[in-house]
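Trainee: Submitted below is the structure of interest, expressed as structure tokens.
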Amino acid sequence: MSTIEIKKIGITKLDTDAIVNAANEGLRAGGGVCGAIFAEAGHQRLQEACDKIGYCKTGSAVITPAFDLPAKYVIHAVGPIWRGGEQGEAKLLYGAYYHALELAVINGCESIAFPLISSGIFGYPVEQAWEVAFRACRDFLKQNYEISIRIIFAVLKDEMVEMGNRILGETGEES
């Protein structure tokens, strides 16, 4: 049975099969979650793996080894920069989550940890980001009912956990 849960923890500390990096299209090390993942994985090796891939379009995802992280894989999902909500941001954010889940399943992962993609420096409104994240996960699980995967959202603030659990409950998902 698949589950969705929210934890107050740094994503690099989770021993899920895959963790998701809130990546940029150039797959370069950045700040925030991205910077922490590169630092903990081993910056040089992770950057070399990303450089071999070269590029990932917004709304999609690619996968690399996790190197020094407890996880097996890092899935680099590129969410949109918030531009007011009229530039297809929700569709692109949905795609980033959905494609990350597809890559996890294709690579035999039974657990995956997400940050709240695009809600940091990309400026996506947090409540809307949660709604899109849960919709993408719910749709993926419904369309792939035969698989079992544990989905964890890793956030660092109590307010984020509380908001996420409230919205998760409103969408009918169990936490």
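What follows is calculated from the coordinates using simple rules that are stated; it is not laboratory data. All values reported here derive from a predicted model rather than from experimental measurement. Glycine gets a Cβ as well: all are built from the backbone with ideal geometry, and neighbour counts include every protein chain shown.
Trainee: Show the residues, 5+ positions off or on another chain, whose built amide H is closer than 5 Å to the amide H of residue 150.
Mentor: The list, which skips near neighbours in sequence, is 3, 111, 112.
Trainee: Only helical DSSP H runs with n ≥ 4 go in: add -39500 (n - 2.57) per run for the chain, normalise by residue count and round the 222 nm mean residue ellipticity to 500 deg cm²/dmol.
Mentor: So the calculated ellipticity at 222 nm is -13000 deg cm²/dmol.
Trainee: Points 7 angstrom from Cα along the Cβ direction at residue 83 and residue 159: gap in nanometres?
Mentor: Here the answer is 2.8 nm between the modelled labels.
Trainee: For segment 1-50 and segment 54-72, what is the separation of their C-alpha centers, rounded to whole Å?
Mentor: Centre-to-centre (Cα) distance: 8 Å.
Trainee: Please check: in the Gaussian network model of the chain (C-alpha springs, under 10 Å), which one of 153, 122, 134 has the largest mean-square fluctuation.
Mentor: 122
Trainee: Which label marks the calculated value of volume of the Cα convex hull per residue in Å³, given the options (i) 188; (ii) 97; (iii) 133?
Mentor: This structure yields the entry labelled (ii).
Trainee: If you don't mind, there's one more thing I want to ask. With each pseudo-label sitting 7 Å past Cα toward Cβ, what's the residue 107-residue 9 distance in nm, one decimal?
Mentor: Placing both labels 7 Å along Cα→Cβ, they lie 1.9 nm apart.
Trainee: Whole-Hz ³J(HN,Hα) for each residue in segment 102-118, computed from phi via Karplus 6.51 cos²θ - 1.76 cosθ + 1.60 with θ = phi - 60°, x for glycine and proline: what do you get?
Mentor: 4, 4, 4, 5, 4, 9, x, 6, 10, 8, 8, 10, 10, x, 8, 4, 6
Trainee: In sequence order, what are the phi-derived ³J(HN,Hα) couplings for segment 5-16 according to the Karplus relation 6.51 cos²θ - 1.76 cosθ + 1.60 with θ = phi - 60°, rounded to whole Hz, with x for glycine and proline?
Mentor: Rounded to whole hertz, the list is 9, 10, 10, 8, 6, x, 4, 6, 8, 7, 9, 5.
Trainee: In percent, how large is the relative contact order of the chain, given Cα pairs closer than 8 Å and 6 or more residues apart?
Mentor: Reported as a whole number, the value is 31 percent.
Trainee: Length gain on complete extension for the stretch residue 145 to residue 53, per 0.36 nm per residue less the alpha carbon to alpha carbon distance?
Mentor: 30.1 nm
Trainee: Using the Karplus curve 6.51 cos²θ - 1.76 cosθ + 1.60 with θ = phi - 60°, work out ³J(HN,Hα) for each residue of segment 141-149 in order, rounded to whole Hz, and write x for Gly and Pro.
Mentor: Going residue by residue, I get 5, 5, 7, 10, 4, 7, 9, 10, 9 Hz, with x marking Gly and Pro.
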